[in-house]
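Worksheet: the structure to be examined is printed underneath.
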Ligand code: NCD
């Protein structure tokens, strides 16, 4: 049966571990024999820099080809009223794999019903999920722990920012709970901190963490000197429908309160919640994290084509 990656849990811990091991050896080189001639359609209905370009780079470095659709809303037949279902039916007749970014939560799951045996990868659907971001995020933590940067004990992880509407928070938090322990990334507590009304993650995320007995202390009690990984997110204004959020920066004074071994992550793009002054701090890990995007996506595509 064809594997669609619609949510972070779409791959088993064993498979993801295999992908991480493969990604470890991959870098900015060409591996033309890994995906020779495979054509991958990138159908992006909403804005993207990293996800689009790291997928495109990954495909080309593996010897595959990109069928580009970077602005589907404006420059495809969507502008003439074509449905997502029809677009997917048509493109699955051309491509060997489809990568979809869409503004509606659940779009990837819906689309996966119309692409036959062509694998579909969710590159972010509304405020729902962003599985490949979660894979590269978990890979970053897994690697930092393997390399001795993070201690080899249960980690304290803090999500700081717009936890209520960030799809990256949902995907990573759920993946940590469901896959982390089996993959050797154990954690002590997952905590949340953010502006009023946006600090708490959605109920499904909270329940998954609470059921595992890993929910950290409430907002105001979080102590930064006890945190190993901070995952900062920007206000997801595109999903707020007029609700106002007070931006709370994770600046240098906050970074300095973390232990020296801690790492600061951010899926990017950043806005004022993560000032540039933090970049020079050795705990700033977000550009390493975004670099990992290409290697993890290469390993993932390689895996999908090896195991159709
Ligand atoms: C994230 C996204 O699209 O959800 N960006 C990304 O893919 N790296 C995070 C965000 O937009 O805030």
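Values in this text are rule-based calculations from the coordinates and carry no lab data. Nothing here was measured: the structure is a model prediction, and the numbers come from that model. Reconstructed Cβ throughout: ideal geometry from the backbone, glycine too, with neighbour counts over all protein chains shown.
Quick check on the range 143-218: take the gyration tensor over C-alpha atoms, sort the square-rooted eigenvalues as a ≥ b ≥ c, and tell me if it's rounded (a/c under 1.5), prolate or oblate.
prolate
When all C-alpha to C-alpha distances in the chain are sorted into bins of 20 Å, what percent of pairs does each bin hold, rounded to whole numbers?
34, 58, 8
Once the Cα gyration tensor of the range 228-308 is found, what semi-axes does its equivalent ellipsoid get, as square roots of 5 times the eigenvalues, in whole Å, sorted largest first?
Over the Cα atoms of the range 228-308, the ellipsoid semi-axes are 28, 20, 9 Å.
Grab the beta carbon distance between residue 94 and residue 200, set R0 = 35 Å, and tell me the FRET efficiency rounded to 0.05. Don't jump to the answer; show the numbers that get you there.
Details: r = 43 Å, r/R0 = 1.22.
For R0 = 35 Å, the calculated efficiency reads 0.25.
Test of understanding: what is the full-extension gain from residue 77 to residue 186, defined as 0.36 nm times their sequence separation minus their Cα-Cα distance?
34.6 nm
What is the helix-to-structure angle for 167-179, meaning the angle in degrees between its Cα long axis and the longest Cα principal axis of the chain, kept from 0 to 90 and rounded to the nearest 10?
The two axes meet at around 80 degrees.
Considering only DSSP beta bridges where both residues belong to the chain, give the percentage that are antiparallel (nearest 5).
That works out to approximately 5 percent antiparallel.
If packing is taken as the average number of other Cβ atoms within 10 Å across a peptide's residues, how do 3-15, 66-78 rank, most packed first? Please list the in-between numbers first.
Values: 3-15: 18.3, 66-78: 15.6.
With the highest mean Cβ count within 10 Å placed first, the list reads 3-15, 66-78.
Hey, any idea what Rg/Rh is for the range 126-169, computing Rh the Kirkwood way over Cα pairs?
Answer for the range 126-169: 1.04.
Give the Kirkwood hydrodynamic radius (Å, one decimal) of the range 1-108, defined as one over the mean of 1/r across all pairs of different Cα atoms.
15.2
Return one number: the angle in degrees, 0 to 90 and rounded to the nearest 10, between the long axis of the Cα atoms of helix 286-306 and the longest principal axis of the Cα atoms of the chain.
In the chain, helix 286-306 runs at an angle near 40 degrees to the longest axis.
For the chain, what's the relative contact order in percent, using C-alpha pairs closer than 8 Å and at least 6 residues apart?
It comes to 20 percent, rounded to a whole number.
Semi-axes of the equivalent ellipsoid for the range 87-200, please: Cα gyration tensor eigenvalues, times 5, square-rooted, ordered largest first, whole Å. Don't jump to the answer; show the numbers that get you there.
Details: eigenvalues 191, 70, 18 Å².
Working from the Cα gyration tensor, I get semi-axes of 31, 19, 9 Å.
If each Cα of the range 166-308 is one equal point scatterer, what is log10 of I(q)/I(0) from the Debye formula at q = 0.15 Å⁻¹?
With no solvent term, the Cα-only Debye profile gives -0.88.
When the chain is treated as a GNM, springs tying every alpha-carbon pair under 10 Å, which of 235, 131, 259 comes out with the largest mean-square fluctuation?
Its mean-square fluctuation being the largest, the pick is 259.
Once both labels are modelled 7 Å past Cα along the beta-carbon direction, what's the residue 149-residue 307 spacing in nm?
The answer from the label model is 2.7 nm.
Tell me the mean residue ellipticity at 222 nm calculated for the chain from its helices only (DSSP H runs of n ≥ 4, each -39500 (n - 2.57), averaged over every residue, nearest 500).
For the chain, the value works out to -10500 deg cm²/dmol.
Please tell me the relative contact order of the range 103-166 in percent, rounded to the nearest whole number, where contacts are Cα pairs under 8 Å and at least six residues apart. Write down the numbers at each step before the final one.
Numbers: 42 pairs, mean separation 16.0, N = 64.
Dividing the mean separation by the residue count of the range 103-166 yields 25 percent.
Could you tell me how many degrees, from 0 to 90 and to the nearest 10, lie between the Cα long axis of helix 131-146 and the main elongation axis, the longest principal axis, of the Cα atoms of the chain?
50
Taking the Cα atoms of the range 202-275, report the difference between the largest and smallest coordinate on each principal axis, in whole Å and largest first.
36, 34, 22
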